[in-house]
Structures are given as structure tokens and as C-alpha cells.
Amino acid sequence: MSGTDQRDERLRDQWAAAADPESPGEGCPADSEIWSAARGELPPERVTALLAHAEGCSLCAASFQAAAALSREAEGAAPRTAGAHQPAGRVAPFRPARRHVVTVLLAAAATIVLMFLLPRLVNENATIDRVEPAFAIEAGLWKEGEGGGVPLSDGQRIRPGDRLYLTVHGERPSYVYVISRDLEGSASVLFPVAGAQWTNPLPSGKAVRLPGETSSEYDSWEVSSAGGRETFTVLASAEPLEELESALALMEQATPDTYVRGGGDEPSDPEAGARAAEALDAALAAVQSGKDESLYAREIILENPR
Amino acid sequence: MDGAPDPQGPPLPVEPEKLREILVRVVGRVCPSWMASQREDLVQEACLRILKVRRSAEEDQGLQTSYLWKVAHSAVMDEIRRRRRRPEAEMENPGLAEDHAPGRSPEAARGASEVREAVDEGLGRLAEPRRRAVQLWLYGFSLQESARILGWSAKRVDNQRYQGLAALRAWLEEKGLKP
């Protein structure tokens, strides 16, 4: 367990130890409903409402805690007791190394096959990773290497000086948006950006390299500094995403050949960054829940340690 | 969705000692410091209630094993509520309760209280998806459990939780708090 993990465990233990449940107030849900939520038996909308209530009700928060502890006992796993560390074998919130297994498998595939865009195929229970494609986009994030491009996928490490690019191959013209975010909330629009060779919509039927390519050389986003964990979000749509574009216009923009990245850089407009992050999360949630079937979304998480 | 629980789940242990062990662990996780001196009684009461329900169930032979886990949850929470309402001396004197909390000094208890307040405040400042992911983590749910509860992919939970906790840490540092 890393130092950060241990600090977070201490934080949670202190938080739990200081609980002082109040008497039930109006609108408290029944324990049986919280139990059902903990077992994954309630629709997400209801779960969200219960969690919103529990935020301001320490008794219901305690009920969720009891449900978590009992649920774990019910599934035969070792419980997490106050002051104890997370048992081995469980997925911890900060454990980048876990991603490397996935990384190796995905890297071998050479291209991250993404999906999307055709509405009806995204059912209510689909997750981003499970959508069956009808109109496919193949997109791959790459790092320039001596022997050619090195495919990047979840958990892989990048460092300052690395030059990254994305390849996109769509079967129909598509509006593509690429954004990166680091742990500090600093976000950069990687595409579309002013001055880049390509603009939306990207053409169909051919592999397009982003941010661009010229007859003599390729453009790439150069990693300029370390920033912890970096999340690259790729969104695509058959139609322009106007709300997202408005938010992105206020954010820090990468130049076509330099990807200014890392925690050392102050976001040019933190509030705009936060709004864009909200817009992104909403778009991702819409894809995941199947509510917006016209979107394609993909997140690729890389490690960029300081 | 991956990781869906067995609708029945394993049966609750038949032996009162084992049932008690489970309840001690659960109550130890949930029971706040002011109630530390009452944990034994709370466990005992909850244990008795569960055993009573189970005896009825054996007579009926129609109760699902999953129901007994739900009963255990309800019994623990009912006992917490009941004791919270009870006007006992330690509730009128929080310092006394802190003295009863095993292994925790009054300073540590005050520090934890300060952290809790700041965490709750910081939680409210997070964007909705991050808030929910961190909230479930605080409650003790694993990544897979949180994914199942929220109807998200585990990857999304992991990412939202990671970013939410990073923001929460920054918030605590800003307030000069170090867990």
C-alpha cells in the first residue's frame, strides 16, 4: 500500500470514527431500501437520491456503512474494520499497478478498438466498454518510438518529452473531441484546436492522425511536464456537440505541436475547466447510461508520475 | 453487470458465536465513538433479534437466506437509533463518551471530528459523479460494489473516485488538515 493509500485509509477511518448519527429526520428512507441499494437492486436514479439524502443525514450514512460492512460479510469477503488496511486482493482506489495487467493485454492489440455511434445498439445496461458497434470508429493513442508508434492503453506510463498522437478511422464523418485532465483538475483541449491541420468533422474512410500531419513531418502532442495520472477522453458524434464546444472554447488549448501538460501548469481559467469537466462527465454518463445513443466516448488513463 | 451478488447469499452463521463475531466487526465499523461503551450491548441485542427471526423462519421454512442479512442490517440500525434517542449521561457529556472510546484520546477524537466536518464540506464541493464515487468509498464499498450500486463501469468509478479523492486531499491541505 502506498503512502497515499495509507493516508486515504486514515482519512476514511477518522471520518467514520467521528460519526454522530442524529435522530431520523423527515424523508429518511427505510433501512431495507438502503440495503437494497447496497446490493445493487435499485435503479441509479433512486440510488442517487438516497446518496444525496445521506450526505446530510449521518444516520442514513451510518446505515450505508452498515450495509457495506454486512454486504461484504454476506459475500464471504473479509470485512474492513476501522483502523485496518484494505485487505489484499481487493481493488484499492489508488492502485495504478492494477491497470498494468489490462495494459499489457490491450497493448498487444496494437489498436484500441472503439465503437459507437449507432443509436439503437446502446441498451440501458450497457457500459462504455460494452457497446456493440454498428458504425465503428477505430481509435488508437500512440507514443512515438524509435521503431515506430507504440500503442498506449490504460495504465501505461508516459513522461515529459514523450510525443503522443491519436489515430481515428471512422466509417462516416464524425466530430471528434480529445481532452486531457490531470489530478489537479487541470484540463487541456487537445482537439479540435486552432491551427491544426484537421478540423471537425473528420473525414471518413481513412485513418486520420491527430493533431495533424504534413507532407514532411507528423505533428504530435509533446508531454511537457509530469502531472500524476492523466485521463484522455475521446468523444465522437455524428453531429457537433455544441454545449461541449462552448465549454471547451473557454479551456486551455494545446497547440498543434505541443501538448503542454502537467500539474505545474496553472489552468488558464479554472472555472471554465470545471465547467468543461462537468460537461464531459455528463456526456460520458449519458453514453454509459444509454441515454444519449448518438455519442461515442472513451477514456484512456495513463500514469505520468512526478 | 459484473460482480452482481448472489440473490440468496451465503446463509448467516447458525452458531451464535459466529453471528456475534460478524456483528462485532460490523458494529465496530459503524458505531460512532460516543457509543463505544455500548457496543457490546448493541451487538447482543441485535444478535438476539436476528436469532429470534431465524427461529421463526425455521418454523416457516420459507425465508430466504438473503432476508436474514437484511434483518441483521435493520437490527443493527434499530439499535443505534434506539440508543441515540436514549437520554443517557454520556450523550449529555460528549467528553465522557470520548473517554470510553477504546484507544482514542480526546484530542484524537476532536481531530477526527474536525476531519469529518471538513470531508463533508469538501464532498459537497465535488462534481456530482466524483461526489458519489467518493461517498461510497467513505462508506466502505469496494470498487466493484460501487459500480454495481451506481450502475457504472468499474473503470468509471475508479476514475471518478481517484479524481474526487485527489480534490478532497487538496481541500484538506488547504484547510491545514492532515489525516
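The values are calculated or read from the model by the stated rules, or taken from the named source; none is laboratory data. Bear in mind that the values here come from a model prediction, so they are computed numbers and not experimental data. We place every Cβ from the backbone using ideal geometry, glycine too, and count neighbours over all the protein chains shown.
Results, tabulated for the structure shown:
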{"quantity": "Considering residues of segment B:126-143 that are more than 7 Å from chain A (Cβ to nearest Cβ) and in a helix (DSSP H, G or I) only, the residue farthest from the chain's Cα centre (by Cα)", "calculated": "B:E128"}
{"quantity": "Single residue of segment B:157-177 satisfying the filter (of a type in the set (D, E, K, R) and touching a residue at least 12 places away in the same chain (Cβ under 8 Å)) that is farthest from the other protein chains (Cβ to nearest Cβ)", "calculated": "B:K175"}
{"quantity": "Members of segment A:26-52 that are free of Cβ contacts under 8 Å to residues at least 12 places away in the same chain, in contact with a Leu (Cβ under 8 Å, 6 or more places away or on another chain) and not in a helix (DSSP H, G or I)", "calculated": "A:L42"}
{"quantity": "Criterion: at pLDDT 65 or above, within 21 Å of B:W171 (Cα to Cα) and assigned to a helix (DSSP H, G or I) - qualifying residue of B:R116, B:R83, B:R148", "calculated": "B:R116"}
{"quantity": "Breaking point among (1) under 26 Å from B:E145 (Cβ atoms); (2) at pLDDT below 80, for B:A72", "calculated": "(2)"}
{"quantity": "Any hit, segment A:202-216, residues being β-branched (V, I, T) and modelled with pLDDT of 80 or more", "calculated": "yes"}
